[in-house]
Amino acid sequence: MVELRHPPGTFDVLPAASGPWQIVLSTFSRVVAGAGYGLILTPTFEDIGVFQRIGESTDVVRKEMYDFLDKGERHVALRPEQTASVVRAYIEHRPVTPWKAWYAGSQFRFERPQAGRYREFHQLGIEAFGSADADLDVEVVALGWEFYRALGVNRLELLLNSLGDASCRPAYRQLLVAYLKSHRQELCDEHAHRIEENPLRVLDCKRPQCRSVVAGAPRQIDHLCDDCAAHFNRVEEGLRALSIPFTIQPLLVRGLDYYTRTTFEYAGTGLESAQNALGGGGRYDGLVAAMGGPDTPAVGFALGVERILLALEADAVTLPPVAPLDAFVVDFAGGAQARDLTARLRAAGFRVDRGFDGRSPKSQFKAADRSGARLALIIGPDEAAEGTVGIKDLHEGGEQASVSSGEIVDEVARRLG
Ligand code: HAM
């Protein structure tokens, strides 16, 4: 029979290794819920049209989407990112603004798998709708920063840029196209032929030919209209007021096309450049309208969980363990007493696991140790006959004591303090 394995670019996280995932998620929900963001769940797949609006000329849409016709002949795609899904939900349900949502979930991109780059990966994100206030950009950027700090990611750099808006971007675009055309021969093959289609993509190209042309290219940040410049100044001022250090990166255009004004990325400076984008986001004041909704400014970010874990590893940060078990019931008396004791302890609010199948005491004690439980509660034939339970502290060692079955819940509570 063919050996069944996980698909390339995906992975399993087994319970023993999922502790950090839980901590990352709970830290994130604590930080963003504390600023008024509510959890949103959207479908993993959507009509392909939802995602086409994020940029027909981006790699994410052109090359990386998992799209297919379903059995009802609908053209759908697994979400490559969640901003478009949240915008679709916003337009469909029209909640009162300002509207703030956070999400956590799988995203799918058909990329070449490598360290920190997967085909199914996990993002944590926030999106805020209905305010054009630059202070909201600052709030969003600061929440990501605070979250990384709360986890212990210390080697972190915040890169900041402004991509202008509908009033200043077109003129800048013309300038950029003219400049790139005058250097067409020097650009990489892919971009030499795609200048008009999306000149900003060239700024993002990692190939050395493009990089040297781009070094002399006009920069949007030097061609902002008064409103965009004032907005950007206010964002800078807000970040300074919060003592969040940032570097202005005029070439930061991000890989998706919906951004206006503020764009930003969190770079993990302890990681190699191919995987150091820990997360990013920005304003997308035109996307809601482009997807058929009312004119609604919005701003948000998404952070890659796999990248966060890599950054924590690079910084040798060990996250606190998820709460371990309080007790493990070791049973070699037939199971009935263990079943009832486990139920009583769980009903009293303790975290309890137990042995099954009447396995040997040795294997059950090993399981108890592996579980991390503080106490072993032992029921052998003698205890079952006497109506007692053996109790032993697995962390502190010491002798096994005997407690009557009626007093065991209180004794567990006493020992756990
Ligand atoms: P993005 O930059 O495409 O933005 O993705 C955000 C983060 O997801 C990246 O910085 C990276 O950490 C992680 N990521 C992306 N692709 C992969 C991959 N193949 N494997 C592992 N991690 C990956 C967005 O998705 C936007 N929706 C962000 C946003 C929200 N903008 C406004 N609101």
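Filtered by the rule that a residue be modelled with pLDDT of 95 or more and under 15 Å from V352 (Cβ atoms), region 368-389 gives A368, A373, R374, L375, A376, L377, I378, I379, V389. The set of residues in region 389-417 being of a type outside the set (A, V, I, L, M), surrounded by 12 or more Cβ atoms within 10 Å (Cβ to Cβ), out of contact with any Gly (no Cβ under 8 Å at 6 or more places or on another chain) and within 20 Å of A347 (Cβ to Cβ) consists of E407, E411, R415. If only residues of region 66-80 that are in a loop (DSSP other than H, G, I, E, B) and buried (at least 20 other Cβ atoms within 10 Å of the Cβ) are counted, the one that is farthest from the ligand (Cβ to nearest atom) is R79. For region 29-45, check the following and say yes or no: at least one residue is open to solvent by less than 30 Å² (accessible area, probe 1.4 Å), of a type outside the set (F, W, Y), assigned to a strand (DSSP E or B) and in contact with a Phe, Trp or Tyr (Cβ under 8 Å, 6 or more places away or on another chain). Checked region 29-45: no residue is open to solvent by less than 30 Å² (accessible area, probe 1.4 Å), of a type outside the set (F, W, Y), assigned to a strand (DSSP E or B) and in contact with a Phe, Trp or Tyr (Cβ under 8 Å, 6 or more places away or on another chain).
Summed over region 312-339, the residues that are outside any loop (DSSP other than H, G, I, E, B), more than 23 Å from E386 (Cβ to Cβ) and open to solvent by 40 Å² or more (accessible area, probe 1.4 Å) give a count of 2.
Residues are listed down the side, and each one gets a yes or a no for (1) in the same structural domain as P80 (by TED's automatic domain parsing); (2) of a type in the set (A, V, I, L, M):
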residue: A215; (1), (2): no, yes
residue: P218; (1), (2): no, no
residue: F232; (1), (2): yes, no
residue: E236; (1), (2): yes, no
residue: S243; (1), (2): yes, no
residue: F246; (1), (2): yes, no
residue: P250; (1), (2): yes, no
residue: Y258; (1), (2): yes, no
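For region 88-134, the candidate set comprises residues that are over 12 Å from the mean Cα position of the chain (by Cα) and aliphatic (A, V, I, L, M); within that set, the residue that is most open to solvent (accessible area, probe 1.4 Å) is V96. For the residues S243, S212, the requirement of being of a type outside the set (D, E) and outside any loop (DSSP other than H, G, I, E, B) singles out S212. Among residues of region 276-298 being surrounded by 18 or more Cβ atoms within 10 Å (Cβ to Cβ), among the hydrophobic types (A, V, I, L, M, F, W, C) and within 19 Å of F129 (Cβ to Cβ), the one that is farthest from the ligand (Cβ to nearest atom) is M291.
The set of residues in region 201-229 that are within 31 Å of the chain's Cα centre (by Cα) and more than 15 Å from L251 (Cα to Cα) comprises C228, A229. If you go through region 250-270 and pick out every residue that is at positive phi and near the ligand (Cβ under 8 Å from one of its atoms), you end up with 1. Among the residues that make up region 148-164, is at least one of them surrounded by 14 or more Cβ atoms within 10 Å (Cβ to Cβ), part of a loop (DSSP other than H, G, I, E, B) and not assigned by TED's automatic domain parsing to the domain that holds V24? Looking for residues that are surrounded by 14 or more Cβ atoms within 10 Å (Cβ to Cβ), part of a loop (DSSP other than H, G, I, E, B) and not assigned by TED's automatic domain parsing to the domain that holds V24, one finds none in region 148-164, hence no. Tell me, please, whether a residue that is within 15 Å of the ligand (Cβ to nearest atom), of a type outside the set (A, V, I, L, M, F, W, C) and closer than 21 Å to S131 by Cβ can be found in region 303-311. No, there is no match, as no residue in region 303-311 is within 15 Å of the ligand (Cβ to nearest atom), of a type outside the set (A, V, I, L, M, F, W, C) and closer than 21 Å to S131 by Cβ. Entry remark, region 340-366: residues being touching a strand residue (DSSP E or B) at 6+ places or on another chain (Cβ under 7 Å), in a helix (DSSP H, G or I) and either closer than 13 Å to I391 by Cβ or open to solvent by 10 Å² or more (accessible area, probe 1.4 Å) (or both) number 5 in total. More than 13 Å from the ligand (Cβ to nearest atom), more than 18 Å from F28 (Cα to Cα) and not polar (S, T, N, Q): which single residue out of P113, P95 fits that description? Result: P95 is the single residue among P113, P95 that is more than 13 Å from the ligand (Cβ to nearest atom), more than 18 Å from F28 (Cα to Cα) and not polar (S, T, N, Q). Scanning region 367-383 for residues being open to solvent by 30 Å² or more (accessible area, probe 1.4 Å), of a type outside the set (D, E) and outside any loop (DSSP other than H, G, I, E, B) gives a total of 3. The condition (being of a type in the set (S, T, Y), modelled with pLDDT under 95 and either surrounded by fewer than 16 Cβ atoms within 10 Å (Cβ to Cβ) or within 9 Å of the ligand (Cβ to nearest atom) (or both)) is satisfied by just one residue among S243, S273: S273.
The values are calculated or read from the model by the stated rules, or taken from the named source; none is laboratory data. This is a predicted model, so every value here is computed, not measured. All Cβ positions, glycine included, derive from the backbone under ideal geometry; neighbour counts span all protein chains shown. Areas reflect the complete protein model, heavy atoms only, side chains present, ligands, DNA and RNA absent. Shrake-Rupley method; radii C 1.70, N 1.55, O 1.52, S 1.80 Å.
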